[in-house]
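Contents: one structure, followed by commentary.
The values are calculated or read from the model by the stated rules, or taken from the named source; none is laboratory data. In this text the structure is predicted, and so the values were computed from the model without any measurement. So basically every Cβ, Gly included, is an ideal-geometry build from the backbone, and we count neighbours across all protein chains shown. Surface accessibility is based on the protein's heavy atoms, side chains included, excluding ligands, DNA and RNA. Shrake-Rupley method; radii C 1.70, N 1.55, O 1.52, S 1.80 Å.
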Amino acid sequence: MDEVSISQGETAKRVRLSPDERRAQLITLGVKMLGERAIEDISISEIAARAGISRGLLFHYFPTKQDFQLAVVQQANAELLVRVVPDPSLGLADMLRDSVGRYIDYVSENRTSYLALLRGPTSSDPALADMVAQTRRAIVGIILAEVPLSDQEREDPRLLLSVRGWVAFTEETTLSWLSEETITRDALIDLLVESLMALSTAVNPALAAALRS
């Protein structure tokens with residue numbers, strides 16, 4: 001365990017953390033900072049200072065800056081997935097609207113980092129790009145897990161391609177909306193929900209009917 005001195009108000013005390021606890025603390029600080037700036041703008045020195053440890057000790061837990069960035073983005077993506085998990089107490093149509101609304105809220109709260117992750121310099125990083133792709137696939141899985149389809153229907157290549165395309169459309173549309181906000185949040189939710197229903201009508205009319213029920 002490592003031990004550091006941390007000030008709380010005017011009182012300083014010694015805090016002993018296990019390696020797992022310290023690692024989790026550093027990731028949490030990174031995710032919090034990610035709400036304010038792009039991942040490439042997060043300072044390792046600042047993170048270490050906020051944790052009350054040396055920069056060198058941070059690299060004991062994360063061999064490289066990229067390893068730390070990956071851990072932070074992975075945690076942020078996990079939090080996004082938790083935010084968009086459907087509410088099982090709602091009907092399918094309301095479930096979709098609710099999840100889309102919570103996605104919009106998450107991106108609104110983290111617009112700088114989210115925009116940078118999708119379009120900034122780090123978007124060309126293969127490891128980070130793969131993590132973003134994994135998150136998109138997870139969102140597709142969350143959507144399809146709730147619809148009344150057979151396993152074979154869920155694996156329909158046309159359906160998977162359409163829903164993946166809708167996720168990309170949702171990302172782009174939400175980011176564009178954040179920069180201009182030419183329509184209301186409710187109107188944006190309507191647009192995104194209706195676009196998925198329109199795609200579903202072309203690929204699987206039964207799914208479209210279920211989404212409208």
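Under the criterion of Cα pairs below 8 Å and six or more residues apart, the relative contact order for the chain equals 19 percent.
Selection among P86, L149, I47 by position relative to the dipole of the chain gives I47 as farthest towards the positive end (Cβ unit charges, Cα centre). Measuring r between the beta carbons of T184 and D98 and using R0 = 22 Å, the FRET efficiency lands at 0.85.
When both region 144-213 and region 34-72 are represented by their alpha-carbon centers, they are found 36 Å apart. Entry note: the chain has Rg to Rh equal to 1.06, where both radii use alpha-carbon atoms and Rh is the Kirkwood radius.
Would you mind getting the accessible area per residue of the chain, heavy atoms of the protein chains only, 1.4 Å probe, in Å²?
Counting only protein heavy atoms, the per-residue value for the chain is 52 Å².
Each Cα pair under 8 Å and six or more residues apart adds its separation to the average, and for region 33-112 the resulting relative contact order is 34 percent. Calculated [222 nm] ellipticity per residue, helices only, for the chain: -23500 deg cm²/dmol; basis is -39500 (n - 2.57) per DSSP H run with n ≥ 4, divided by all residues, nearest 500. Here the accessible area is traced with a 1.4 Å probe on the protein chains. For region 101-150, carbon and sulfur cover 57 percent of it. Counting heavy atoms of the protein chains alone, E180 has an accessible area of about 130 Å² for a 1.4 Å probe. Between L161 and E46, the simple spin-label model (points 7 angstrom out along Cα→Cβ) gives 4.4 nm. Distance between the 7 Å Cα→Cβ label points at A24 and L81: 1.8 nm.
Each residue of region 139-148 was assigned a 3J(HN,Hα) from its phi angle through the Karplus curve 6.51 cos²θ - 1.76 cosθ + 1.60 (θ = phi - 60°); the sequence is 5, 4, x, 4, 5, 6, 5, 9, 8, x Hz, with glycine and proline shown as x. Remark on region 119-195: Rg and Dmax equal 14.6, 41 Å (Cα only).
This model, with +1 at the C-beta of Lys and Arg and -1 at the C-beta of Asp and Glu, gives region 87-202 a dipole about its Cα centre of some 280 debye. For region 75-120, the Kirkwood hydrodynamic radius from C-alpha pairs, put into Stokes-Einstein at 37 °C and a viscosity of 0.692 mPa s, yields a diffusion coefficient of 291 µm² per second.
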